[in-house]
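FYI, it's all coordinate maths here, none of it is from the lab. No experiment lies behind these values; they were computed from the predicted model shown. Don't worry about glycine lacking a Cβ; one is built from the backbone with ideal geometry, like all the others, and counts go over all protein chains shown.
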Amino acid sequence: MPVTINASTSSGVVITPDYSGNIQLQYNGVAAPAFSAQMTTTSVSNTTWTKVLYGTENFDTNNNFTSSRFTPTVAGYYQINANLRYADSIAGTVVQMAIYKNGNLYAYVSNGVQNVTRALCVSTLLYCNGSSDYVEIYTYQNSGSSANTDAADYYTFSGCLLRGA
């Protein structure tokens, strides 16, 4: 039988270990949301911000990730991370990657591509209200034609609750 240890704080944090060596973190009785998903190939049009597709979930502790969108149901501060790589040769162009919150640019990174550098990583801490806020990843490139992102296990979109509201 699991043992519950109440942190005796006003934040309502509960740590519940089980006998398999697992620990479940909760905030006010709800599992703390965390997810990780792997990128699938995304065709990115020239000079157009395009939503990056993440089709395979590695894990989703609170069922808040679907259709390449994270919609947390617990209000609080979230660490959001994403990385990608362009598969197509697009030397001499600019590639960008952004975290969008509620359909608006929140944080981004830009890179002038040389011969082989076409990978990007973006990370930020942001607040989500637990009801209507959502987070997505977008990318942009200006190679003169469409370009594809690379699909691999290590190109991911991930996030977790760091602290409740």
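Hey, how many Å between the Cα centroid of segment 116-165 and the Cα centroid of segment 32-53? If you average the Cα positions of each part, the centres end up 6 Å apart. Computed over segment 33-164, relative contact order equals 42 percent, with contacts defined as Cα pairs under 8 Å that lie 6+ residues apart. For THR48 and ALA119, the difference between the fully extended length at 0.36 nm per residue and the C-alpha to C-alpha distance is 23.8 nm. As a ratio to 2.2 N^0.38 Å, the alpha-carbon radius of gyration for segment 63-103 is 1.59.
Between THR41 and GLN79, the modelled label-to-label distance comes to 3.3 nm, taking each label 7 Å out from Cα in the direction of the beta carbon. Here the Karplus curve 6.51 cos²θ - 1.76 cosθ + 1.60, taken at θ = phi - 60°, turns the phi angles of segment 120-129 into couplings of 9, 9, 9, 8, 7, 10, 9, 9, 10, 7 Hz, with x standing for Gly and Pro. Extension gain, LEU126-TYR106: 0.36 nm per intervening residue step, less the Cα-Cα distance, totals 6.3 nm.
Taking 0.36 nm per residue of separation and subtracting the Cα-Cα distance, full extension of the segment from ALA165 to TYR134 would add 9.6 nm.
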